[in-house]
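Colleague: Here it is, the structure in full.
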Amino acid sequence: MISIDLHSHTTASDGTLDPVELCQRAQERQVHTLAITDHDTVAAHHFLREQALEGDLRLITGIELSTTWSGAEIHIVGLNFPLDHKDLDMVVKAQGESRRKRSHHIAERLARRLPDWNADQIFQKVLDVAVEQQQNSRHGFTLKPDEVQIGRPHFARWLINEGRCNDMDAAFRKYLDNSKIGNLKAFWPRMSQGVAWVRALGGTAVLAHPGKYRMTATKLRALLKDFKLAGGHAMEVQGSNHPQSQVEQMARYCQEYNLMASQGSDFHNPDYPWVDVGRLPPSLPSNLTPVWEGWK
Ligand code: AMP
Ligand code: MN
Ligand code: MN
Ligand code: MN
């Protein structure tokens, strides 16, 4: 079965495959259209533009922006914007600065609990983890330390390397969830800002994984209404491993708020096969307008 996957990550953010490896895996898994949507960076796309990829995978530009809305962290996926847009760099830089400040904050909070370390040392070690991950790339994908978008998964990996926890889940539970780390949302722009940025770049603004926010139906509807009125175009209706009942509910919201429908696996890591690139239901519910319909 051939498929379209519009949400995925590489070592440019917190994925474990480099951009070429991700494209290869996508093709092996019969994906014909792939959006790489790293957290707050388009470095994988710039890199891939210089590579001669085999096969005929259709690559869609993408980015997953961290934003906030009403006390919640909301992810906005921007799709199909021109990679050479003159303002793209401004958006990436703004998000990069927020992510850096936030990472220093996380390092400070961790240092209070790890007496052998101070915040600067932790920050440096975690940056090394992220940079090292790229240096293992077989395809020469490396970023300068100031271009790497580090996030909590990199902190988690460092904590595991240090023997402080056994796995990612434990690291998040013990050290990295919001009750341990404090208000991480405070570092991000508002959701409406994220939507405005994507629109300014000429892209399609998609509300990422609405089922993941654990909101009541009332709150989710308020979010969808604000997203729509902010100029949002589409919402993700299905991903890897979503229960059918959730897909049906999201499809109803999609119609109710007059949004287009998107789908993406949110693939990060081949070690987690239940979320794999292209692992999606065979088609979108037929009464929805796919987000790719209007793309040339
Ligand atoms: P950040 O962008 O720093 O907020 O990190 C969030 C990322 O961490 C998400 O995109 C997920 O990839 C990952 N993540 C969140 N919770 C967990 C968890 N419990 N175990 C493993 N990874 C997680
Ligand atoms: Mn992630
Ligand atoms: Mn996300
Ligand atoms: Mn994602």
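Colleague: Pick out, from the range 136-247, the helices (runs of 4 or more DSSP H) lying fully within it that include 2 or more residues that are within 24 Å of Asp87 (Cβ to Cβ).
Modeller: Numbers: elements: 152-161, 168-171, 178-181, 191-200, 217-229.
Answer list for the range 136-247: 191-200, 217-229.
Colleague: May I pose another question? When you scan the range 265-296, how many residues do you find that are closer than 25 Å to Asp167 by Cα and either surrounded by 14 or more Cβ atoms within 10 Å (Cβ to Cβ) or among the charged types (D, E, K, R) (or both)?
Modeller: So in the range 265-296, the residues closer than 25 Å to Asp167 by Cα come out as 265-277, 279.
So of that shortlist, the ones also either surrounded by 14 or more Cβ atoms within 10 Å (Cβ to Cβ) or among the charged types (D, E, K, R) (or both) come out as 265-271, 275-277, 279.
Total meeting the criteria: 11.
Colleague: With the condition kept exactly as written, say whether any residue in the range 41-62 is hydroxyl-bearing (Ser, Thr, Tyr) and part of a strand (DSSP E or B).
Modeller: Pass one, the range 41-62, residues hydroxyl-bearing (Ser, Thr, Tyr): 41, 61.
In the following step, the residues that additionally are part of a strand (DSSP E or B) were identified as none.
Among the residues of the range 41-62, not one is hydroxyl-bearing (Ser, Thr, Tyr) and part of a strand (DSSP E or B), which makes the answer no.
Colleague: Answer with yes or no whether Ser245 is in contact with a strand residue (DSSP E or B) (Cβ under 6 Å, 6 or more places away or on another chain) and either more than 16 Å from ligand 2 (Cβ to nearest atom) or not aliphatic (A, V, I, L, M) (or both). Reasoning before the result, please.
Modeller: Numbers: in contact with a strand residue (DSSP E or B) (Cβ under 6 Å, 6 or more places away or on another chain): no; either more than 16 Å from ligand 2 (Cβ to nearest atom) or not aliphatic (A, V, I, L, M) (or both): yes.
Considered against the rule, which asks whether it is in contact with a strand residue (DSSP E or B) (Cβ under 6 Å, 6 or more places away or on another chain) and either more than 16 Å from ligand 2 (Cβ to nearest atom) or not aliphatic (A, V, I, L, M) (or both), Ser245 comes out as no.
Colleague: When you scan the range 175-210, how many residues do you find that are more than 11 Å from ligand 1 (Cβ to nearest atom) and surrounded by fewer than 19 Cβ atoms within 10 Å (Cβ to Cβ)?
Modeller: 13
Colleague: Which condition number in (1) of a type in the set (Asp, Glu); (2) more than 16 Å from ligand 2 (Cβ to nearest atom); (3) more than 15 Å from Gly278 (Cβ to Cβ) is the one that Asp18 fails?
Modeller: (2)
Colleague: Follow-up. Working only within the range 248-296, note down all residues that are touching a Ser or Thr at 6+ places or on another chain (Cβ under 6 Å) and assigned to a helix (DSSP H, G or I).
Modeller: Val291
So that you can scan it fast, the table gives a plain yes or no per residue for (1) in a helix (DSSP H, G or I); (2) touching a strand residue (DSSP E or B) at 6+ places or on another chain (Cβ under 8 Å):
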| site | (1), (2) |
| --- | --- |
| Pro82 | no, no |
| Lys86 | no, no |
| Ala94 | yes, no |
| Ser98 | yes, yes |
| Lys101 | yes, no |
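A short reminder: the numbers here are calculations on the coordinates, not readings from a lab. Just so it is clear, the model here is predicted, and its values are computed rather than measured. In this analysis, Cβ positions are derived from the backbone assuming ideal geometry, glycine residues included, and neighbour counts consider all displayed protein chains.
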